[in-house]
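One structure is given below, encoded as structure tokens.
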Amino acid sequence: MKKIRMIVNPLDRKSHINKEIYGHFSEHLGRCIYNGIYVGEDSSIPNTCGIRNDVIEAFKKINMPVLRWPGGCFADTYHWKDAIGDKIDRKKMINVHWGGVTEDNSFGTHEFFKLCELVGCEPYIAGNLGSGTVQELAEWVEYMTSDDISPMADLRRANGQKKAWKLKYLGIGNENWGCGGNMSPEYYSDEYRRYQSFCRDYSGNQLFKIACGPNAFDYNWTEVIMKKITPWHMKGISLHFYTVPYANWEHKGFATVFSDEDYYATLSETHRMEELLTRHSEIMNRYDPEHKVGLIVDEWGCWFDVEEGTNPGFLYQQNTMRDAIVAAINLNMFNQHSDRVIMANLAQVVNVLQAVILTEGEEMILTPTYHVFDLYKEHQESTLLYSYVENEKIEGQYYDAISHSASVDKDGKIHITLSNCSLTENYEIDLGIIDTDVKSVSARILTGDAHDYNDFGEVEKVKPTEYEVKNDNGRLTVAVPPCSVIAIEVVS
């Protein structure tokens, strides 16, 4: 077992860790919405207004702070008026992006806000800039947020929602460099400025407007957006980056069948998020030194080939301890960059890509990634602390073995999260917390073989367990086994 040192300094307090960093993303894609979150009021599966009760409770347990909807690429083909009113009268459409299946629009604006109300999370609406109109998006904002006497507010009331909803987060377009219109950054900037001008604040509601940001390493897109759209026109800029082994989009590999080399290649790719956060932040800093504009990583996670026998357009994949390590690495990085990163949304929440929940009929399983969010939830609304690990590189790789972050909450409790990326090395960490009288320490661990996953019939193969951290007069010692994620709470 290799011995290394770690220091946490509670006197060196850094940025605030927004709860929205632990956000999620739901798209009309495959079985994310239908048969995942929404089963309909007449389903035999226990539900509230058609929304699965077990899914609601699972979301609440990880303190889900924000949920993005309705896309994704789907958002820029979505016309919200097709999905309001009596369900029998709602227009059907073809989901041209995802599987070519029929979308019956039985889950629309009212159902989404009901879901957010039941979970207790903030809604994040992705508006249609690609195939929609300024009037359409402006009227949607009015429909959702106005309590005045107006055509859209009256229409909402006629559809059963008397009081306006509160909507904070509004994305104006999605991936407009690609599926959202194949636009140049200059053209999109002009369109954004025009669209946002007509998305107004009604009845005390204040919109947090988010511009479409870059596709991963497109630094020019960020440069142009920051130059052409002032902080007065936007409060956030999005960033999308998916972890694909070897960055090979033609042959992404499978979620459960992979070699040790594939495992390390996956982690190598996900560590590139550090470069993205650093370099995009540097561009933003030049135009916005006061940090009035937040960086929002509203699509991130692992993307593998679909499970055999499933619809290729549904993007259904299993979820192993490899995914858990990827999630832990990224969440630690978001914490470390929380001076600029104010929100992140894992793609996607149920049955799609790196999902936290998988469903099959009445059955539901919590994935290893779900358990990472459960372990890390104490960081929400806490303050980042300086932390340092006497790290070492994994053999043959450019990245460190131990990923980490630390924070202190409003009650003074210190929370430390660690993940060991190595498949073979055990580490014993000598953990010193400066100027702290440690009264008690507790921990939980998620660990197993990198290929381990939960499946229907074996729903708890991978789950967190209580874990011992030795406390010798305030000097802590924690053993970190290979392929593990640990959350430690220190009370002083």
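The values are calculated or read from the model by the stated rules, or taken from the named source; none is laboratory data. Predicted model only: the values in this text are computed from it and were never measured. Using ideal geometry, Cβ is built from the backbone for each residue, glycine included, and neighbour counts are taken over all protein chains shown.
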* Asked: Among the residues of segment 213-256, which ones are of a type in the set (Gly, Ala, Ser) and part of a loop (DSSP other than H, G, I, E, B)?
  -> 213, 216, 253, 255
* To do: Kindly indicate whether residue 428 is part of a strand (DSSP E or B), over 22 Å from residue 384 (Cα atoms) and either of a type outside the set (Phe, Trp, Tyr) or in the same structural domain as residue 325 (by TED's automatic domain parsing) (or both).
  => yes
* Among the residues listed as 28, 16, the single one being at pLDDT 95 or above, surrounded by 24 or more Cβ atoms within 10 Å (Cβ to Cβ), closer than 25 Å to residue 124 by Cβ and not polar (S, T, N, Q) -> 28
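Conditions (1) of a type in the set (Lys, Arg); (2) under 14 Å from residue 7 (Cα atoms); (3) part of a loop (DSSP other than H, G, I, E, B), marked per residue:
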position	(1), (2), (3)
403	no, yes, no
411	no, no, yes
437	no, no, yes
442	no, no, no
449	no, no, yes
462	no, no, yes
476	no, yes, no
489	no, no, no
* Structure fact -> Being more than 25 Å from residue 70 (Cα to Cα), modelled with pLDDT of 95 or more and surrounded by 21 or more Cβ atoms within 10 Å (Cβ to Cβ) narrows 357, 342, 329 down to just 329
* To do: Scan segment 31-53 and give yes if some residue there is under 30 Å from residue 490 (Cβ atoms), in contact (Cβ under 8 Å) with a residue 40 or more places away in the chain and not assigned by TED's automatic domain parsing to the domain that holds residue 430, otherwise no.
  => no
* Structure fact -> Filtering segment 361-408 down to residues that are assigned by TED's automatic domain parsing to the domain that holds residue 44, out of contact with any strand residue (DSSP E or B) (no Cβ under 6 Å at 6 or more places or on another chain), within 16 Å of residue 332 (Cβ to Cβ) and among the aromatic types (Phe, Trp, Tyr) yields 373
* To do: Those residues that are touching a Lys or Arg at 6+ places or on another chain (Cβ under 9 Å) and either in contact (Cβ under 8 Å) with a residue 24 or more places away in the chain or not in a helix (DSSP H, G or I) (or both), I need them from segment 257-272; list them, please.
  => 258, 263, 266, 267
* Can you list the strands (runs of 3 or more DSSP E) found entirely within segment 1-75 that contain at least 1 residues being hydroxyl-bearing (Ser, Thr, Tyr)? -> 2-17
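The rows are residues; the columns are (1) more than 20 Å from residue 84 (Cβ to Cβ); (2) of a type in the set (A, V, I, L, M, F, W, C); (3) surrounded by fewer than 20 Cβ atoms within 10 Å (Cβ to Cβ).
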site	(1), (2), (3)
41	no, no, yes
44	yes, no, yes
48	no, no, yes
51	no, yes, no
55	yes, yes, no
58	yes, yes, no
61	yes, no, yes
66	yes, yes, no
69	no, yes, no
* Only one of these conditions is not met by residue 358: (1) in a helix (DSSP H, G or I); (2) out of contact with any helix residue (DSSP H, G or I) (no Cβ under 9 Å at 6 or more places or on another chain); (3) of a type outside the set (Gly, Ala, Ser). Which number is it? -> (1)
* Do we have any residue at all in segment 76-86 that's small (Gly, Ala, Ser) and within 20 Å of the chain's Cα centre (by Cα)? -> no
* Structure fact -> Flagged in segment 117-136 as on the phi < 0 side of the Ramachandran plot and small (Gly, Ala, Ser), in numbering order, are 126, 127, 130, 131, 132
* To do: Out of the residues in segment 295-324 that are outside any loop (DSSP other than H, G, I, E, B) and surrounded by fewer than 22 Cβ atoms within 10 Å (Cβ to Cβ), state the one that is modelled with the highest pLDDT.
  => 314
* **Tally of residues being in contact with a strand residue (DSSP E or B) (Cβ under 9 Å, 6 or more places away or on another chain) and within 10 Å of residue 237 (Cβ to Cβ) across segment 273-297** => 6
* Asked: Only one of these conditions is not met by residue 419: (1) within 18 Å of residue 2 (Cα to Cα); (2) small (Gly, Ala, Ser); (3) surrounded by fewer than 21 Cβ atoms within 10 Å (Cβ to Cβ). Which number is it?
  -> (3)
* Asked: Is it the case that residue 227 is in the same structural domain as residue 140 (by TED's automatic domain parsing), touching a Phe, Trp or Tyr at 6+ places or on another chain (Cβ under 7 Å) and farther than 30 Å from residue 397 by Cα?
  -> yes
